[in-house]
Amino acid sequence: MGKEEEQKHLQNRLYYWGNTPEEEYYSTQGIKSTKSFFTSPRGLTLFTRSWQPLTSPPRAAVFMVHGYGTDISWNFQSTPIFLARNGFSCFALDIQGHGLSHGLKAFVPNVDDVVDDCVSFFNSVATQNEELGKVPRFLFGESMGGAICVLMHLRNLGDFNGAILIAPMCKLSDKVKPRWPLPEILSFVSRFAPTLPIVPTADLLEKSVKLPEKQVIARMNPMRYNGKPRLGTVAELLRVADYVSSRLRDVRIPFIVLHGSADVVTDPNVSRELYDTAKSEDKTIKIYDGMMHSLLFGETDENVEIVRNDILSWLNDRC
């Protein structure tokens, strides 16, 4: 099959895994899955999913937060499916302005509100599901989702036994961050036109996903945001990244942080700083030589398997 034919073949798929219907695919993986909508305390309707072991009681609950511009219904699913196959109940929501949740596409005016939404949803899941009260609860965040998990912990929101942080946005890499004086100008203009999608930036997908064939699949996501970042969102993410990086020494939760050494979206050096300065007694760091931002999808299947197994091993040791 030539390169052009292969790309055409890749594009004819309904899901990141192919055309097998969802329920049938989940069944082949030995898991069950649900979809629903959750109304947050501020009245926002948020789309949620769960992925759980089909026959055995859960060993732990994993509460998951996705990254900027993505959602929980495309390749993000690959990780909770893997974890559910290994006995973990996983729960996630599309944050405001992402996926099937309400809000202007990719507009995140206040990350603190998003943190409250996540905590409300996670708490509602825990209270409605009796068997989750008997097992450990872990946070899981990718990129911006990693920063949201750290913020939850710093605000003492929720009772969690640990956190899995995948290339967390504790600081934006200088390679994608707008250069001075642009951040100052953007911050000023965003007060008057926060929703304008005009921030110049490199193609984050190409900088995140290493394999061209996986870039094709990632671009097929019907809910992925492909426009320029909005002024207000960028100003807010810069604020949050600066705040989180200034509070790394206050982190006390058990955690594993995983980062690719070739990541040019979020900074692996800040993950090293988190590991070095956090007050957590139980902390682990994995820096993967040559890997990029999308550790759990964009790398070769062999590399993805390495990262997955490191996460699984960390969870197994704490359950």
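Inside region 227-237, residues that are under 17 Å from the mean Cα position of the chain (by Cα) and surrounded by fewer than 21 Cβ atoms within 10 Å (Cβ to Cβ) make up a count of 1.
Just wondering, is there one or more residues in region 268-283 that are among the small types (Gly, Ala, Ser) and within 19 Å of THR70 (Cα to Cα)? For region 268-283, residues among the small types (Gly, Ala, Ser) and within 19 Å of THR70 (Cα to Cα): absent.
Please indicate, with yes or no, whether at least one residue in region 149-156 is under 17 Å from HIS259 (Cα atoms) and modelled with pLDDT of 95 or more.
yes
Which of the residues belonging to region 82-118 are within 14 Å of LYS35 (Cβ to Cβ) and among the hydrophobic types (A, V, I, L, M, F, W, C)? CYS90, PHE91, ALA92, LEU93, LEU100 - these are the residues of region 82-118 that are within 14 Å of LYS35 (Cβ to Cβ) and among the hydrophobic types (A, V, I, L, M, F, W, C).
In summary, helices (runs of 4 or more DSSP H) completely within region 220-319 and bearing 1 or more residues that are at pLDDT 95 or above and farther than 24 Å from VAL111 by Cβ occur at 268-277, 301-317.
Of (1) in a loop (DSSP other than H, G, I, E, B); (2) surrounded by 21 or more Cβ atoms within 10 Å (Cβ to Cβ), VAL114 satisfies all except one. Which? Unmet condition: (1).
Yes/no matrix, rows are residues, columns are (1) more than 12 Å from the chain's Cα centre (by Cα); (2) of a type in the set (A, V, I, L, M, F, W, C); (3) surrounded by fewer than 24 Cβ atoms within 10 Å (Cβ to Cβ):
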residue: THR79; (1), (2), (3): no, no, no
residue: GLY87; (1), (2), (3): yes, no, yes
residue: HIS102; (1), (2), (3): yes, no, yes
residue: PHE107; (1), (2), (3): yes, yes, yes
residue: PHE121; (1), (2), (3): yes, yes, yes
residue: GLN128; (1), (2), (3): yes, no, yes
residue: ARG137; (1), (2), (3): yes, no, yes
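Residues considered: ASN110, ASN86. Of these, the only one that is over 17 Å from HIS66 (Cα atoms) and in contact (Cβ under 8 Å) with a residue 24 or more places away in the chain is ASN86.
The helices (runs of 4 or more DSSP H) falling completely within region 1-107 that include 2 or more residues that are modelled with pLDDT of 95 or more map to 22-28, 78-85.
The values are calculated or read from the model by the stated rules, or taken from the named source; none is laboratory data. Here the structure is a predicted model, which is why all the values come from computation and not from measurement. Every residue, glycine among them, receives a Cβ derived from its backbone with ideal geometry; neighbour counts consider all protein chains shown.
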